[in-house]
1. Right, GLY55: more than 19 Å from GLY30 (Cβ to Cβ) and either of a type outside the set (S, T, N, Q) or buried (at least 21 other Cβ atoms within 10 Å of the Cβ) (or both) or not?
2. Collect the residues in region 120-132 that are polar (S, T, N, Q) and in a strand (DSSP E or B), keeping them in residue-number order.
3. Looking at region 84-98, can you tell me whether even one residue there is surrounded by fewer than 21 Cβ atoms within 10 Å (Cβ to Cβ) and of a type in the set (Ser, Thr, Tyr)?
4. For region 333-377, enumerate the residues that are under 26 Å from the mean Cα position of the chain (by Cα), exposed (fewer than 15 other Cβ atoms within 10 Å of the Cβ) and assigned to a loop (DSSP other than H, G, I, E, B).
5. Pull up region 396-425, narrow it to residues that are more than 22 Å from the chain's Cα centre (by Cα) and surrounded by fewer than 24 Cβ atoms within 10 Å (Cβ to Cβ), then point me to the one that is nearest to GLY191 (Cα to Cα).
6. Out of everything in region 173-187 that is open to solvent by 60 Å² or more (accessible area, probe 1.4 Å) and not in a strand (DSSP E or B), what residue ends up being nearest to ILE156 (Cα to Cα)?
7. Residues to consider are ALA65, ALA78, ALA71; find the one that is in contact with a strand residue (DSSP E or B) (Cβ under 6 Å, 6 or more places away or on another chain) and among the aliphatic types (A, V, I, L, M).
8. Within region 100-122, count every residue that is aliphatic (A, V, I, L, M) and open to solvent by 30 Å² or more (accessible area, probe 1.4 Å).
Amino acid sequence: MTKPPDGPGYLVGVDGGSQSSKVVVFETDGTVVCEGRRALQPMSRPRNGIVEHPGDDLWESICAASREAMAAFPGDPADILGVGLCTIRCERAFLKADGTLAAPGMSWMDERAYQPWTYPVPGTAWVTTSSGYMTHRFTGRFRDTAANNIEIQWPIDSDTWQWSDDPAVLDHWKIPREMLVELQMPGDVAGYLTREAAAATGLPAGIPVVQTANDKAVEALGSGSLDERTALVSLGTYIAAMVHGAENRKAPTEFWTNFACVPHRYLYESHGIRRGMWTLSWFLDLLGPELARAATAAGVSREEYLEREARAVAPGSDGLMTVLDWLAPEDHPFRKGVMLGFDARHTRAHVYRSILEAIAVTMKNRVDAMCAELGIALESILVSGGGSSSALFMQIFADVFGIPAARTVGASGASLGAAVCAAVATGVHPDFATAVAAMSGARESFAPRTGATAVYTALNGAVYRDIRTATDPVLERSFPIFH
């Protein structure tokens, strides 16, 4: 651990996401100084079930985002204390002996990423996660955070946070032990930024590069969520809810136990929604240039423009209901997205609000199932991700859950969580709790409205909770026709 200088100091948070890479420079109190962002290239899908990152896109997008951030940085680069490194979870990378890619990086959507290694990848010396690959790119060291190596993909012992020594586990995954990198804890220094990485990123050579965790856990940390009675609802391409805990819960049915971004703490993660916020983008794209022109003329985004219209729609969207299966789960491949209940009253604003309500109600049911199994009762929820900027969406969450729903004002999310880890590693703050308290932004809370909560409770109990028992048989019968 290094002691920060007495003068100004800065921390960098790297957030390599599933749609873009973002690099943010923070002051030590969590204030954003500057940032850069670079969208990822479209995925390569050479055949069904195979989803790969083209070229070296993960590394190159982080480099581009970092150079953009540093071009806007007004301070002295010598005052940058460290960089926290967070990347996409559930990905797999095959590296040559020199640390370069032996094959395209596997996306979390690639079915092979969850299977034993039984297929040839010539030239492979190391098998690791996206964070293990980025750690080598930044530092030249073959190391990774234990908290991004999840049991459903790797031969890890979730009690010890180290590689399993169980022969059966090692045999199942078929990855030779000598090909697995050294594991570290969140907040550990992985190494120091190499001259080559400094030239590529614009960051100063020699600064500490700090381990974090899987991206959902880092997002939870950056959102200020450490409370065991507050669930974080993370709005992204994949939507999930998480609650922190101290126990490694084995074989749950209504959630899964993940590593937290605090050593030897765990994150209980509910079942989620695939292509969650993507569904909103899909609908906005369907509305085409007319909506874009109207929004531009009004000086707002497409989302903000449509939200203005959706505010006038009553809770329940006048009976229009949405079933969110725009990407079918593997155990029900016939499922599709469904909207039902249309009549002549319904407008694009109803459809928009119905999607928001479906997200909130679906997550309410999944969070309730998780909490029932955990034996806890929530006092509030915290909502993160781009969707939390919508006041309408936040109010819907509060009304559906029937408890206060809050969002963080100011910086939050995985980039701040990565900077929190860097703050702990470099001695800016003595521990994770202190760092979170010092660096997380204030919260804005939305209280549930009694009348709206009553509508959603009735609609959920009468329809939403069992809606797939009606839609599944129809979709299953139609599935063979189109596949």
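1. yes
2. Keep residues of region 120-132 that are polar (S, T, N, Q), which gives 124, 128-131.
Across region 120-132, the qualifying residue is only THR128.
3. No: zero hits.
4. Listed by number, the residues that qualify are PRO333, GLY375, ALA377.
5. Applying the filter and picking the extreme gives PRO404.
6. Result: ARG177.
7. ALA65
8. Restricting attention to region 100-122, the residues satisfying the condition of being aliphatic (A, V, I, L, M) are 101-103, 106, 109, 113, 121.
If we keep only those that are open to solvent by 30 Å² or more (accessible area, probe 1.4 Å) as well, we get 101, 109.
Adding up the residues that qualify gives 2.
The values are calculated or read from the model by the stated rules, or taken from the named source; none is laboratory data. Quick caveat, the model's predicted, so the values are computed rather than measured. Cβ sites come from the backbone with ideal geometry, for glycine too, and all protein chains shown count toward neighbours. We work out accessible area using only protein heavy atoms, side chains counted, and drop any ligands, DNA or RNA first. Shrake-Rupley method; radii C 1.70, N 1.55, O 1.52, S 1.80 Å.
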